[in-house]
Amino acid sequence: MKKHTFLFFIAALAATPVLSAQDTLTVNNPSKVTVVSTPKSQQVEIFGSEEDPNYYFTTSIEAGPNAVVRTRERLSQGGLDFSVPLFGTDDACKGTRKPYGEVDLAIEFGFGITFPNKIDDAAYSPMRQAWGLDFTMGILNAEYHPWGGKSNIYMKFGLEDKSFKIRGDQRYVKGDDGVLGFAPYEGTPKWSALRIFSWNLSAGYYQHIDDGFGIFVEPVLNFNTGSRIKTKWYDANDKKVKEKVKFGKQNLITYEIMGGINIYGVKIYAKYNPCNLIDKDFGPDFATWSIGIIL
């Protein structure tokens, strides 16, 4: 019996890699990794691998009076975004309490539904049931982690295209004096939309709560650089007609308050714009709501 136990022990040692101080062990897709830290030691256990589900590896580091044990951890927010580091990345600090920052090219796409909050002016009653697509794209992202990896403050730069579609027998028109108005279709109506294009700059705070889950709040400053009217209908021959008119009467600067949750990199947001998007001399006074997701 003792002989069989000894042979099993020798076989287990032979199957376990022995690492020198210069060796690097790479395990692809382990099923579980356990790190146990005490004041005197740190033990790492790896269970399973992509090649062998029964793989097992363990190593222990004894922390003597002069030993230094460094632990690093990167808590990723996940996601489908494309990120290219530009400068400021300090991998050695991630997972510690030492602050670090980074600036990335981070392409994020957002899609949502937007609609006016309230329009009291009866002259603009066709817009009271308006709704449309709120499309956003993040371009540049700067993060600062003052307490390590779990929470961070950030700034983003991107763009937004917001539309307000109306349906029925009225369409948007731009009067000779530049004022937004409505007129009957010259055929069978489809829809008419007022679209506003913006560049935006935002600053926010993200709080990591649990694995793959966090919350964020993000004020957004919009620089509205263009607006247009786009209308579609069918003529008497049932041919689709498209009409595009530059409106150009939007307010230059507005702001929004956005907040939401992050679930494995997919952000679900709600956004409120208390500002009037259209110059008060050329259109209705209304705030807007948007709800959607950012990938």
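The values are calculated or read from the model by the stated rules, or taken from the named source; none is laboratory data. Keep in mind that this is a model prediction, so the values were computed, not measured. Quick reminder, even Gly has a Cβ in these numbers, built from the backbone with ideal geometry, and neighbours come from all protein chains shown.
Within the stretch 173-216, the set of residues being under 36 Å from the mean Cα position of the chain (by Cα), among the acidic types (D, E) and not in a strand (DSSP E or B) comprises D211 only. Selection of the stretch 223-246 for residues being aliphatic (A, V, I, L, M) and more than 22 Å from N276 (Cα to Cα) yields A236, V241.
Residues in the stretch 20-32 that are among the hydrophobic types (A, V, I, L, M, F, W, C) and either touching a strand residue (DSSP E or B) at 6+ places or on another chain (Cβ under 7 Å) or at pLDDT 75 or above (or both): L25, V27. If the condition is being hydrophobic (A, V, I, L, M, F, W, C) and either touching a residue at least 60 places away in the same chain (Cβ under 8 Å) or more than 24 Å from I229 (Cβ to Cβ) (or both), then the stretch 96-122 contributes V103, L105, A106, I107, F109, F111, I113, F115, I119. On inspection, W191 fails the criterion of being touching an Asp or Glu at 6+ places or on another chain (Cβ under 9 Å) and not β-branched (V, I, T).
Within the stretch 142-165, restricting attention to residues that are of a type outside the set (A, V, I, L, M, F, W, C) and over 21 Å from I209 (Cα atoms), the residue that is surrounded by the fewest Cβ atoms within 10 Å (Cβ to Cβ) is D161.
Quickly run through the stretch 253-295 and pick out the residues that are of a type outside the set (G, A, S) and more than 25 Å from the chain's Cα centre (by Cα). Passing the criteria: N276, I278, D279, K280, D281, F282, P284, D285, F286.
A count restricted to the stretch 217-236 and to residues that are closer than 23 Å to L159 by Cα and either not in a strand (DSSP E or B) or not β-branched (V, I, T) (or both) stands at 10. At least 2 residues being of a type in the set (V, I, T) and under 14 Å from F216 (Cα atoms) is the threshold, and among the strands (runs of 3 or more DSSP E) wholly inside the stretch 237-292 those reaching it are 253-263, 266-273.
When the stretch 210-226 is filtered for residues that are of a type outside the set (D, E) and in contact (Cβ under 8 Å) with a residue 40 or more places away in the chain, the ones remaining, listed by number, are G212, F213, G214, I215, F216, V217, V220, N222, N224.
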